[in-house]
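The values are calculated or read from the model by the stated rules, or taken from the named source; none is laboratory data. Remember, predicted model here, so these are calculated numbers, not experimental data. Methodologically, a virtual Cβ is constructed for each residue, glycine included, from the backbone with ideal geometry; neighbour enumeration extends over all protein chains shown. SASA here: full protein model, heavy atoms, side chains in, ligands and nucleic acids out. Shrake-Rupley method; radii C 1.70, N 1.55, O 1.52, S 1.80 Å.
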Amino acid sequence: MLDKILKVKIKEINCDGSKHCDQKCSFFCLDCNKPICSSCVVTCHKDHDFYKISEIFDKKMTKLKDMRVKSEEHISVCKHEEQELIVMISKGSKKFDDTKTEILHNQKIYMDLIQKHFDNLLKDAENQWILLRETINRELELIQRNIQQMEAQKKKIDQIFNPHKISEILTSNHSHISQILPSKSVYQMSLQQATFICGSLSKDSDRLYFFGRLYKGPHYKMIGSYSTKMRNLSKIIHLQNSSCIIANYNEELIQKVKFESDEIKVENEIKIKVFDLAMIPDGRLLLSKETSDLELINIDGGKELFHSFFPFLTFGVYVHKEDIFVGIAKSIEKSQNYEDGRIVVLDMKGQVKCSFGKEHKSGKPLFICPTRIVANSEIICVIDTLKRDKDNNMLENGRIVGLNHKGEEKWSYCDKSGSPFGLFYPQDITFTSAGLILASEYWDNELHAINKYGDVTGLIKVKDIGNIMYPMSMAVADQGILCVGCGIRGSNEEVKNNKIYLFKLS
């Protein structure tokens, strides 16, 4: 209907020529882009390109209709987009508000956790200092009492040393000087004094230590390393004059070596199977071979039977003063598992003094297989394990048991935190000169520091020092020097030499 009306209206357009303005336009000049009458066609538009106005109208109407349809489509699309954007703004605003609320909520949670973390660190450090301070004060009081007693005793002696009282010298009954020497507890506590270690923001940081932690000692510094051709150093015994006895279970080898420069000079060598070694006062070695016989050997190779534990097999062996501690267990048939473990105490002639392997009250077994033993005047520490791997150089499912000299269990330590496999692999154990217990943890490349009450005081992370291998054996030398013998796992032929590392403990 609109098309017909417009088509009628188009015919009523007057020509704008000055001489015939009353004439209607019937043509359209494309050159001038204007409607013209029939008179203008033959005069001023004679050579121009022109068409009937109705034809031009139809073409223009078709294009305009197409444009209108497209405009309507575009408007529809834009309105849809407009609506979606409005909805998106609404949803985005709500999402942002929710996110902001969640961020602020989690910020409070983590700030509280961080605050609690540092509060606990501060409290722990304060408790450590109070404990150390009280210990020092007790030692100080003891020393001051000793000084007073000694001064009083000296004064009495000075009074006796009088020519006019010569008879009192003869009648004096002071047969000895009474003294109460201070213990080493201060030195031991100083090794456990807390130090704050800053956290690390690197991606490889241990999450437990991200915000820092308290390290309770011992503090350590690597001071040297010595190459050896042994792939696995399963045992170290430190001797005088920079010498050691080293052994390897797999290679069935014992060597007496001397540290020279950064190398090891082999002085003596014995081809013999060895599970554990201990030295008696005359310099001979007690040799456990995971058989029933405990042998006594010289470094030049001579050997004799020291004691037979049949049907038990021998494992850990340790000498403390006049006592020899031997860990024994029975083998479960056709397996590398063991049972009925116990500790036997021998004298220097190989005679049994006592043994213990069961709890006094319940009668339950104390051990499965005691593979390493150390002892001092206060405590006996034992590595107890259920199973070893096929190479016999890694212990698994292990724990450390602390006993008194009556054979009563005082504590058991099995720290699985940080281990990717949830297993504790204690390989060797030793005492520092201050009485701290060090245990080498094979898989995680760590040395655990434990006090006499079974509490972990710190970790020596040997994996952070460099390319150190798996710590297997340890021995404490003079002046706080710790020797650590390592192992090479698998068949990595690129690793030509294993090493013994020396650490200074403080």
**Fill in**
Plugging the Cβ-Cβ distance of Phe118 and His219 into 1/(1 + (r/R0)^6) at R0 = 30 Å yields, to the nearest 0.05, a FRET efficiency of 0.85
**Request:** Could you state the accessible area per residue of region 295-353 in Å², with a 1.4 Å probe and every protein chain left in place?
**Result:** 52
**Request:** First check a/c for region 324-369, with a ≥ b ≥ c the square roots of the eigenvalues of its C-alpha gyration tensor; if it is under 1.5, answer rounded, and if not, answer prolate when a/b is larger than b/c or oblate otherwise.
**Result:** oblate
**Request:** Would you mind checking Lys256/Lys504; Lys265/Lys499; Lys461/Lys504 for any pair whose Cα atoms are more than 21 angstrom apart?
**Result:** Lys256/Lys504
**Prompt:** What net charge do the residues around Val319 carry, taking every other residue with its C-beta under 12 Å from that of Val319, with Lys and Arg at +1 and Asp and Glu at -1?
**Reply:** -3
**Message:** Give me the tail of P(r) for region 1-61 as a percent: Cα-Cα pairs with distance above 18 Å.
**Reply:** 30
**Item:** Neighbourhood net charge (13 Å Cβ-Cβ; Lys/Arg +1, Asp/Glu -1) for Asp119
**Value:** -1
**Two-site FRET efficiency, Phe310 against Glu408, from Cβ-Cβ distance with R₀ of 22 Å, rounded to 0.05** = 0.20
**Prompt:** Between Lys330 and Thr101, what length in nm is gained on full extension when 0.36 nm per residue of separation is reduced by their alpha carbon distance?
**Reply:** 76.1 nm
**Rounded, prolate or oblate (a/c below 1.5 giving rounded, otherwise prolate when a/b exceeds b/c) for region 253-403 by Cα gyration tensor** = prolate
**Fill in**
Sorted by chain and then number, the residues having a modelled amide H within less than 5 Å of the amide H of Gly398, at least 5 places away or on another chain, are Phe424
**Message:** Just to verify a number: FRET efficiency for Asp478 and Lys155, C-beta to C-beta distance, R0 = 35 Å, to 0.05?
**Reply:** 0.35
**Prompt:** Of the accessible area of region 220-267, with the probe set at 1.4 angstrom, what percent is carbon plus sulfur?
**Reply:** 41
**Message:** Show me, for region 286-293, the HN-Hα J-couplings you get by feeding each phi into the Karplus relation (A = 6.51, B = -1.76, C = 1.60, θ = phi - 60°), rounded to Hz, glycine and proline as x.
**Reply:** 7, 10, 9, 10, 6, 10, 6, 9
**Complete:** In order over region 70-75: 3J(HN,Hα) from phi, Karplus 6.51/-1.76/1.60, θ = phi - 60°, whole Hz, x for each Gly or Pro, gives 5, 4, 4, 5, 5, 4
**Request:** Write down the Å³ per residue value for the convex hull defined by the alpha carbon atoms of region 246-303.
**Result:** 85
**Message:** Students often check this: by mean Cβ neighbours within 10 Å, which of 3-12, 28-37 ranks highest, and how do the rest follow?
**Reply:** 28-37, 3-12
**Fill in**
Whole-number value, in Å³ per residue, for the convex hull of the alpha carbons of region 18-162 is 267
